[in-house]
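A.B. asks: Here it is: the structure, laid out below.
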Amino acid sequence: MNHNLYLRFKKQGEPQRSVAQRVFIRGVNGAIISYADVEARSAQLAHALQSWQVRPGDRVVVQVEKSAEALLLYLACLRAGAVYVPLHTGYTLAELEYFIGDARPTLVVCAPDKQTAINALASRPQACTVVTLNADGSDGGLVQCANHQSTEFIEVWRAGSDLAAILYTSGTTGRSKGAMLSHHNLSSNCLVLKDYWHYSSDDVLLHALPIFHTHGLFVATNITLAAGASMILLPKFDPALVQRFLPEATVMMGVPTFYVRLLQESWLNQAATKHMRLFISGSAPLLAETHRLWQQRTGHAILERYGMTETGMNTSNPYQGERVPGTVGFPLPEVSLRVVDPEQGTPMRVDDIGMIEVKGPNVFSGYWQMPEKTRAEFRDDYFITGDLGKIDASGYVHIVGRGKDLVISGGFNVYPKEVENEIDALPGVEESAVIGVSHADFGEGVTAIVVLAESAQLTETHVLTQLKQRLAAFKVPKRVVFVAALPRNTMGKVQKNVLRETYRNLYQ
């Protein structure tokens with residue numbers, strides 16, 4: 001049996017005519033892409049990939065703006081058996097050099113204005129082809145090649161364990177790790193979520209998320225395809241666009257930042273959301289206050305869930321039943337979740353805080369080219385998430401913190417060590433510590449606490465200006481605070497818990 005994920009999206013058991021005529025994507029400019037268009041265009045793109053010598057198992061690195069064509073490229077990679085590697089559009093060339101060197105792709109798809117610089121990176125350590133796709137997906141080398149290809153393509157045979165994608169996530173030393181996700185990982189998770197959230201072909205998703213991230217790609221997009229549903233594809237989150245298109249949607253997925261910003265809009269009320277079936281939040285903790293205010297204004301209780309790059313979704317508040325603010329609900333069907341002592345691995349009692357570990361068909365196979373790191377992240381076949389949490393007497397899972405100081409800002413993972421390395425390299429900096437501080441808009445604001453060398457005269461503006469040249473925008477600190485010394489314990493380790501407490505009200 002061919003386990004290619006794309007075949008899960010083909011509605012082979014339904015009359016082909018009814019499926020083909022369904023709308024998959026509607027753009028803000030009114031452009032329509034039907035399921036018949038999906039089949040034909042992804043076939044052309046799959047042939048284009050093969051023309052550039054992309055073979056099953058080869059990596060295709062993609063750093064382009066959000067567009068319908070970019071989503072169809074993802075589907076083409078599935079059909080061709082390639083491994084899709086999406087990258088944040090904000091990554092700098094310094095960051096891209098690492099990703100390209102690590103993934104060793106056969107093909108890189110990028111924005112036209114980056115082609116020359118990425119060509120230089122792609123020539124080492126092994127050569128790969130670099131092609132372009134413009135911001136709205138209407139032109140570029142990829143489009144021009146695909147336009148001349150056949151609209152029919154037979155999906156490459158894939159085992160369930162074969163890789164479908166690699167998503168890079170933060171590492172414990174600041175070095176990003178590539179989470180290897182199989183066709184079975186992705187198919188099992190989207191099919192479970194489709195049923196759990198009562199998704200059907202009648203649903204219309206307001207898609208305002210980025211598509212280089214688990215949430216916007218493997219949750220929002222895959223579920224829509226699996227259900228034969230439709231989406232309104234916004235180029236980015238914009239309250240004005242949400243107001244314009246929300247009346248035509250039934251479902252919206254977002255990060256807490258979306259809901260915080262929408263609550264600032266005067267038009268948001270029960271009348272504006274009466275036709276909506278479901279609001280979902282994830283990628284960062286949703287404040288209980290935001291949950292309460294949203295329900296008060298709209299009459300809808302936001303459904304919060306919990307997942308991560310390595311596992312897809314692990315838990316969800318119930319579709320039918322109480323959605324408890326401050327919790328992430330129950331383990332999903334087929335997912336086993338436990339809370340254990342971080343060191344010993346022994347089970348914790350109800351309401352006791354420990355390390356969250358998960359096991360299930362959704363859990364990734366490991367980190368790309370990091371076998372030792374992979375072994376270290378599993379215990380008794382359970383993945384050690386790095387998140388601290390508890391399970392209450394009613395079975396709801398609570399996330400209370402992260403054991404590795406990971407910062408989640410605006411739904412994106414930021415590992416402090418990577419930012420600290422860039423700050424410490426600045427002339428005049430003696431040392432730094434980067435922490436996450438509660439932020440109403442971003443969930444957590446990346447915050448740098450910096451000790452200057454004697455007689456150094458650096459300013460906050462200077463530090464931020466330098467970092468913006470070296471780091472993606474979401475990693476750049478919201479604030480830089482200068483101090484005489486960092487707090488340390490008796491072993492000399494910086495006490496980030498003390499810093500978080502000291503600056504907990506910085507953004508209030």
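Coordinate-derived values only; no laboratory data. Quantities reported herein were computed from a predicted structural model and do not represent experimental measurements. Glycine gets a Cβ as well: all are built from the backbone with ideal geometry, and neighbour counts include every protein chain shown.
A.B. asks: Please state the relative contact order of the chain as a whole percent: Cα pairs under 8 Å, 6+ residues apart?
C.D. replies: 11 percent
A.B. asks: Let me ask another. Loop by DSSP (not H, G, I, E, B), at most 14 other beta-carbon atoms within 10 Å: where is the longest site-free stretch of the chain for GluC sites (Glu not before Pro)?
C.D. replies: 1-151
A.B. asks: I'd like the per residue volume of the convex hull spanned by the Cα atoms of segment 227-360, given in cubic angstrom.
C.D. replies: Taking only Cα atoms, segment 227-360 has a hull volume of 140 Å³ per residue.
A.B. asks: I need the Kirkwood Rh of the chain: take the reciprocal of the average 1/r across all distinct C-alpha pairs and report it in angstrom.
C.D. replies: Working: mean 1/r = 0.0421 Å⁻¹.
The answer is 23.7 Å.
A.B. asks: Then there is this: Give me the distance in nm between label points sitting 7 Å out from Cα along the Cα-to-Cβ direction at E431 and L7, one decimal.
C.D. replies: 5.7 nm
A.B. asks: Add +1 for every Lys or Arg and -1 for every Asp or Glu among the other residues with Cβ under 10 Å from the Cβ of F383, and state the total.
C.D. replies: Residues near F383 contribute -2 overall.
A.B. asks: Averaging sequence separations of C-alpha pairs under 8 Å and six or more residues apart, then dividing by the length of segment 273-313, give the relative contact order as a whole percent.
C.D. replies: 45 percent
A.B. asks: Label segment 119-219 by shape, choosing from rounded, prolate and oblate, from the square roots a ≥ b ≥ c of the eigenvalues of the Cα gyration tensor; if a/c is under 1.5 it is rounded, and otherwise prolate applies when a/b is larger than b/c, oblate when it is not.
C.D. replies: Oblate is the answer for segment 119-219, as a/c is 1.5 or above yet b/c matches or exceeds a/b.
A.B. asks: Another one. What trypsin sites (Lys or Arg not before Pro) does segment 236-320 have in DSSP loop regions with at most 11 other beta carbons within 10 Å?
C.D. replies: Sites meeting the loop and neighbour criteria: K236, K274.
A.B. asks: How high is the FRET efficiency between H198 and R488 when r is their beta carbon distance and R₀ equals 51 Å, given to the nearest 0.05?
C.D. replies: 0.50
A.B. asks: On full extension of the chain, what length is gained from N147 through A271, given 0.36 nm per residue of separation minus the C-alpha to C-alpha distance?
C.D. replies: Between N147 and A271, full extension yields 40.2 nm more.
A.B. asks: Pop out the ³J(HN,Hα) list for segment 426-440 in order, Karplus 6.51 cos²θ - 1.76 cosθ + 1.60 with θ = phi - 60°, rounded to Hz; leave Gly and Pro as x.
C.D. replies: 6, x, x, 9, 8, 6, 8, 9, 10, 10, x, 10, 3, 9, 4
A.B. asks: About the Cα centre of the chain, how large is the charge dipole given +1 on each Lys and Arg Cβ and -1 on each Asp and Glu Cβ? Please answer in debye to the nearest 20.
C.D. replies: 420 debye
A.B. asks: Suppose a student asked you for the relative contact order of segment 11-117, using Cα pairs under 8 Å spaced at least 6 residues apart; what percent would you report?
C.D. replies: Contact order relative to length: 26 percent.
A.B. asks: How far apart, in nanometres, would the label points at A473 and R379 be if each is projected 7 angstrom from Cα along the Cα-to-Cβ direction?
C.D. replies: So the two model labels end up 4.0 nm from each other.
A.B. asks: Give me the percent of DSSP beta bridges within the chain that run antiparallel, rounded to the nearest 5. The partial results should precede the final answer.
C.D. replies: On the way: 48 of 82 bridges.
The antiparallel fraction comes to roughly 60 percent.
A.B. asks: Now a separate question. Using only the Cα atoms of segment 307-359, each taken as one equal point scatterer with no solvent, compute I(q) by the Debye sum, divide by I(0), and report log10 of the ratio at q = 0.19, 0.20 Å⁻¹.
C.D. replies: -0.74, -0.81
A.B. asks: Could you check what % of the DSSP bridge pairs in segment 138-274 are antiparallel, to the nearest 5?
C.D. replies: Numbers: 6 of 13 bridges.
Of all bridge pairs located within segment 138-274, approximately 45 percent are antiparallel.
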